[in-house]
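The next block holds one structure in the form of structure tokens; read it before the comments.
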Amino acid sequence: MDKKNNSLGRIPNKPYLVWIMIFCAIIFLVMLPRGGALKVQNFDVRKLMSAANNDELVEISITNDPNGGKDWYSIVGKVKNPLFGREDAPADTPRTLDFKFEGRVTDDMYKQLSAPTSPWTVRENPAGSFWGNILTTILPVLLILGVIYFMLTRQMKASGRMGMNYSKSPARLMSPDKNKVTFADVAGCEESKEEVREIVEFLKNPQKFREIGARIPKGILMVGPPGTGKTLLARAVAGEADVPFYTISGSDFVELFVGVGAARVRDMFEQARKTAPCLVFIDEIDAVGRQRGAGLGGGNDEREQTLNSLLVEMDGFDAQTGIIIIAATNRPDVLDSALLRPGRFDRQVVIDLPDINGREEILKVHAKKVKLADDVDLRKVAQLTAGCSGADLANMLNEGAIIAARKNEKTVTMADLFEARDKVFFGREHRRVMDSEERSLTAYHEAGHALVQALIDDGKMPVHKVTIIPRGQSLGSTMFIPAKDIMTQTRGKMLNQICASLGGRVAEEIVFSDITNGASGDIKSATAVARKMVCDWGMSELGPVALGNNQEHIFLGKEFARDQNFSERTAEMIDAQIKKIIEGQLDRARDILKSNRDKLDMIANELLLRETIEGEDVYKIVRGEFTPTTKEDIERAAAEKAAAALAAEEREKRAVAPGEAPESPSPQTV
């Protein structure tokens, strides 16, 4: 269809004609004579002077017209209504009438009309020219039309540009000059780097693979938890490969209008074909690649159309070569099965949480930008950060640098990193006003956790720190940090975990003969572990039977459609087994704390005095090697800390003082 002859939304070929017509219509309306409610009367000289002598003039305006002569005037104004005040006058009779006089006026008449003692107002207007009158009449109209034209044309251009660009792909072509990330900047995932390194080698030397008959994968799906470096690895591929690299997010395909997502997919592949061979990176592909036909009330048609278009472009009837798709997601369970088949995403690269060696390498990469002190041991930091992702480690180093800068330190010390680790893992310390009873409850609660864990642990999950200073949402914390990376958990370790979780509640029961709501989080975590032991891991008397479809990371549609593949009697048996496990570990924790009541009191007293104790102190108390702290020790430590802070502040002032040599320290014996 010819766009010019399209009857829908036809636009004139010469739009300026429309504007000329609008302009002429406005001028015509402006020039129309406007009649008022008051009658205009024409006065002659005698009537004008009679009105002046009888004080009937209310207001006059005298204008000299040079075209008519020196004594030719135009006089307009208002005169009292002669009918006003008469009994036969209508009720709506106006008080004044407009009048107009044009003619010769003598000097005496002019002086009489414009006398200062006259009771009326006289306005003498200068004579205006023809062009001046035209400008004063038309210029405002032109200004109004100009503003309207500017606003309309700007809006039309914006809407036209937006309408044309809705179907355009928002994929951004990354410049090799701006992308400085290489494989050397990616650490902790060596196997994943090897898999994507093959893509780069194929793009640089494709003949090597073609001669042996190998075919490059059309798509690579990077799967892993958040913060493990999926996007960073894709940027490294772009930095290593000397080919065009397009990047787009999965949410960029979804738009307000129907059909836009599919059009953007087609446009993205059209751009990629023009620059093939090339790489296309789709971040968070689960936003557009979710399983079709799922969700309440059916699937989202617009999203499914976008996914269908993506499937066809990747490997359809008119499939193209030379375009490699790299996608990243942390939700592979919700992706459509057609998207994961060979020919579309041929290879899935799993980027898991780094091990101790990977964490050390990641710390070395991020530590290049941070000034570390000589006492910092990155290997030890890696040992104490089991389960952390690359993003967590980078955040921890940054928090350590912020803490050191706040203390006016020049380098980041090991103590700063430990403080940053506790802040990132367990939350920041914040003071709350608690009375002695609440502090005592919190101290015994945390002492119960710590003592039970210290007595039953086999060294795999040692007590790191115990504190009654509120962190996050809790009034106190007992911190356990694994000594090494834990891949599997035995039944005994699961039971120990439940027992240590219930230690705080049992301590409250033994010491205060009552319980509080402070153990709500402990009960939830213990129950969750016990339910998994029974339903998922077969660690109960019901045997190794999977009871229920455990779909933790699934979207709403499947969550409602989850099947319960066991009977009501089996459900009662599951509840009984969970209760048996919880009660058994509750009795175990009660026996442990009752038999070690003296150690429980010692840990609680130390917490009340010091507020925070290290895990090593807990183990010394368990072994009977600990010397109790006194109030004098606390006061002495506080005084030494204050003196050290004051000395550091003095050194800082002397260091920045201009022209002052630093003072050499005198030898002392500490």
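Would you confirm whether any residue within the stretch 541-564 is farther than 29 Å from ASP355 by Cα, more than 38 Å from the chain's Cα centre (by Cα) and at pLDDT 90 or above?
Among the residues of the stretch 541-564, not one is farther than 29 Å from ASP355 by Cα, more than 38 Å from the chain's Cα centre (by Cα) and at pLDDT 90 or above, which makes the answer no.
Could you list, in sequence order, the residues of the stretch 347-377 that are in contact (Cβ under 8 Å) with a residue 60 or more places away in the chain and open to solvent by less than 50 Å² (accessible area, probe 1.4 Å)?
VAL349, ILE351, PRO354, ILE356, GLY358, ARG359, ILE362, VAL365
Output the qualifying pairs, or none if there are none: Cβ atoms under 9 angstrom, residues six or more apart or on different chains, first residue in the stretch 604-625 and of a type in the set (Phe, Trp, Tyr), second residue part of a helix (DSSP H, G or I).
Correct list of pairs: TYR619/ALA454.
Restricting to the stretch 398-428, name every residue that is closer than 22 Å to PRO482 by Cβ, of a type in the set (Gly, Ala, Ser) and either without any contact (Cβ under 8 Å) to a residue 24 or more places away in the chain or open to solvent by 70 Å² or more (accessible area, probe 1.4 Å) (or both).
ALA415, the sole residue that qualifies.
Quick one: how many residues across the stretch 319-346 are in contact with a Lys or Arg (Cβ under 7 Å, 6 or more places away or on another chain) and open to solvent by 30 Å² or more (accessible area, probe 1.4 Å)?
Number satisfying all stated conditions: 2.
Restricting attention to the stretch 210-224, which residues are touching a Phe, Trp or Tyr at 6+ places or on another chain (Cβ under 9 Å), part of a loop (DSSP other than H, G, I, E, B) and open to solvent by less than 30 Å² (accessible area, probe 1.4 Å)?
PRO217 - this is the single residue of the stretch 210-224 that is touching a Phe, Trp or Tyr at 6+ places or on another chain (Cβ under 9 Å), part of a loop (DSSP other than H, G, I, E, B) and open to solvent by less than 30 Å² (accessible area, probe 1.4 Å).
Which of (1) open to solvent by 40 Å² or more (accessible area, probe 1.4 Å); (2) at pLDDT below 75 is the odd one out, the single condition GLY259 does not satisfy?
(1)
Restricting to the stretch 225-256, name every residue that is part of a loop (DSSP other than H, G, I, E, B), open to solvent by 20 Å² or more (accessible area, probe 1.4 Å) and either acidic (Asp, Glu) or touching a strand residue (DSSP E or B) at 6+ places or on another chain (Cβ under 8 Å) (or both).
ASP242, VAL243, PRO244, GLU255
The values are calculated or read from the model by the stated rules, or taken from the named source; none is laboratory data. Treat the numbers as computed from the prediction; the structure is a model and nothing was measured. As a convention, Cβ positions derive from the backbone with ideal geometry for all residues, glycine included, and neighbour counts pool all protein chains shown. To get the accessible areas, we keep the full protein, side chains included, count just its heavy atoms, and leave off ligands, DNA and RNA. Shrake-Rupley method; radii C 1.70, N 1.55, O 1.52, S 1.80 Å.
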